[in-house]
Amino acid sequence: MIGKDARQGSSGGPAPSGPQRALIIASFVSRVGNGLFNTASVLYFTLVVHLPAAQVGAGLTVAGLTGLLAGIPAGNLADRYGPRTVWLASLATQAATMAAFVLIQSWGTFTLIATLDRLAATASGAAGGALVARAGGERPAAFRARLRTFVNLGVVLGTLGAAFAVSAGTRTAYTVLILANAASFACAGLIALVGVPDYRPLPRPAEHRRAAVLADRPFLSFAALYGAMGLQYQAVSLLLPIWLSARTDAPRWTVAAVYAVNSGVCVLLQSRIGSRVETPREGGRAFRIAGLLFLVSCPLMALTADVPSWTAPALAVLAVCVHSLGEVWESSAGFALGFGLAPDHAQGQYQGLFGICFDAGQALAPVVLTTAVLGLGHAGWLLLGAFFAALGAAGPPVAAWAERTRPTGEVPAGADHDGPAGAPVPDTA
């Protein structure tokens with residue numbers, strides 16, 4: 001079973017092992033690059049490459065939908081040949097496709113490169129999640145919480161760095177930014193190559209099937225719930241900024257404050273809360289808590305349109321604090337159930353499907369939030385909060401159902417036979 005390699009640190013929690021430290025550093029480096037590129041990518045494609053915004057949106061949609069196809073096949077490859085091999089290959093592909101963005105001159109080339117990039121990113125999520133599962137140690141919940149903390153911090157630092165390229169607005173500045181992101185994938189791969197063992201595939205039981213995850217109805221149910229709950233991310237990153245700009249008199253700096261608070265709360269609280277959510281049962285309860293917090297935060301966001309301009313920023317920050325706390329509980333639930341219910345020998349396959357459901361929810365989020373929610377105004381916010389609460393309420397019964405259907409004696413991924421159950425984080429490069 002997955003190794004017992006975590007030692008107690010001075011704080012009483014497990015000190016990261018060598019492979020864990022390498023994965024944390026690799027993920028941090030790659031997410032700094034992601035923050036650099038994602039913040040300014042649309043501006044580069046429209047203002048520097050001079051592609052119409054509609055073409056950029058269409059190309060990204062094609063890439064996003066096509067990228068979903070790589071999840072389960074890449075996961076199966078990771079289970080069969082070892083997760084590090086597939087993860088390194090996907091990182092190398094992402095480094096190449098990202099560097100190729102500086103050469104695009106037409107919509108066709110842009111769409112092709114973006115599609116290859118999304119296929120590689122989906123494969124990276126499936127194989128990377130399986131790799132983290134193998135390095136989870138005795139306390140995988142503490143490891144994944146620490147990992148996600150550094151992932152969030154990396155995105156924040158990358159976003160701050162992107163501000164320089166955006167303010168300069170030149171092709172050279174954007175080129176440097178894109179190549180820096182490409183280099184981050186290459187560096188992450190090198191760190192993993194040196195610091196992470198080449199874990200061999202685990203033995204498969206005789207009844208194993210290549211698409212076994214599709215027959216696991218409890219896991220499918222939670223993956224669908226998690227994908228739908230994923231709309232909460234864009235409630236802060238997309239819906240709230242539009243609402244503040246169009247429906248309130250809040251100062252423009254309020255949007256920047258919202259982003260900063262969201263990132264700060266997640267960085268500060270992920271380890272503290274996430275390390276306590278290890279078993280699927282605990283994950284179900286965490287999912288319910290998240291839904292209740294979103295039920296509170298959504299009406300608070302709606303109320304920013306009903307208060308004076310000097311009060312709106314404070315109310316928006318309060319709403320985002322509550323929402324971000326819900327995000328920490330929600331992500332912790334996803335890690336505990338998404339990995340804790342998966343058989344050790346099929347982690348790649350299961351994480352591939354889990355990523356597909358999440359990405360599908362993210363693809364639908366802009367349409368749902370800007371039409372249904374924004375179109376209904378205050379009522380839309382209330383319905384969104386109730387929707388999240390209903391999803392959260394389904395967490396505990398789905399977790400109990402899933403635990404009842406696990407094979408007798410099966411130990412959740414990342415746990416030793418004598419250690420606690422839990423699940424590591426899928427949030428790698």
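Figure legend: label point modelled 7 angstrom from the Cα of Leu47 along Cα→Cβ; residues of the range 87-111 with amide N under 18 Å from it are 102.
Residue ranking by accessible heavy-atom surface, 1.4 Å probe, largest first, among Arg272, Arg84 comes out as Arg272, Arg84. Only helices enter this figure: runs of n ≥ 4 DSSP H residues, each worth -39500 (n - 2.57), summed and divided by the residues of the chain, yield -24000 deg cm²/dmol at 222 nm to the nearest 500. Annotation: Thr405 carries an accessible surface of approximately 70 Å², with a 1.4 Å probe and no ligand, DNA or RNA atoms counted. Highest mean packing comes first when the peptides 87-93, 67-73 are listed by Cβ atoms within 10 Å, giving 87-93, 67-73. Each residue, Asp306 and Ala390, gets one label point 7 Å from its Cα in the Cβ direction; the gap between the two is 2.2 nm. Normalised by residue number, the volume inside the convex hull of the Cα atoms of the range 210-327 is 117 Å³ per residue. Accessible area of the chain with a 1.4 Å probe: how many percent of it is carbon plus sulfur? Ligands and nucleic acids excluded, carbon and sulfur give 67 percent. Using the 1.4 Å probe convention, the accessible area of the range 245-320 works out to 48 Å² per residue with neighbouring protein chains retained. Highest mean packing comes first when the peptides 54-61, 275-282 are listed by Cβ atoms within 10 Å, giving 275-282, 54-61.
Packing here is the average count of other Cβ atoms within 10 Å per residue, and on that basis the peptides 294-307, 343-356, highest first, run 343-356, 294-307. Using a cutoff of 8 angstrom between alpha carbon atoms and counting only pairs six or more residues apart, the relative contact order for the chain works out to 28 percent. Summarising the label geometry, the points placed 7 Å from Cα in the beta-carbon direction at Leu193 and Ala96 lie 1.4 nm from one another.
Taken over the chain, the convex hull of the Cα atoms encloses 127 Å³ per residue. Computed on protein heavy atoms with a 1.4 Å probe, the accessible areas place Phe185, Phe28 in the order Phe28, Phe185, largest first. Putting +1 on Lys and Arg Cβ atoms and -1 on Asp and Glu Cβ atoms, find which of Ala99, Ala120, Ala145 reaches farthest to the positive end of the dipole of the range 90-149. Going by the Cα projections, it comes out as Ala145.
Translational diffusion of the range 153-207 was estimated from the Stokes-Einstein equation, with Rh taken as the Kirkwood radius over Cα pairs; at 10 °C and 1.306 mPa s the coefficient is 112 µm²/s. Within the listed set Pro396, Pro251, Pro218, the residue fluctuating most in the Gaussian network model of the chain (springs between alpha-carbon atoms under 10 angstrom) is Pro251. Computed from point charges on the beta carbon alone (+1 for Lys and Arg, -1 for Asp and Glu), the dipole magnitude for the chain about its Cα centre is near 320 Debye.
Span-like helix criteria (full DSSP H runs; alpha carbon extent of at least 24 Å along the helix axis; mean Kyte-Doolittle hydropathy of at least 0.0) are satisfied in the chain by 18-43, 83-100, 107-134, 140-168, 171-195, 253-274, 280-303, 312-340, 347-367.
The values are calculated or read from the model by the stated rules, or taken from the named source; none is laboratory data. Being a predicted model, the structure only gives us computed values, none of them experimental. Positions of Cβ are backbone-derived with ideal geometry, glycine not excepted, and every protein chain shown enters the neighbour counts. Ligands, DNA and RNA are excluded from the accessible area calculation, which covers all protein heavy atoms including side chains. Shrake-Rupley method; radii C 1.70, N 1.55, O 1.52, S 1.80 Å.
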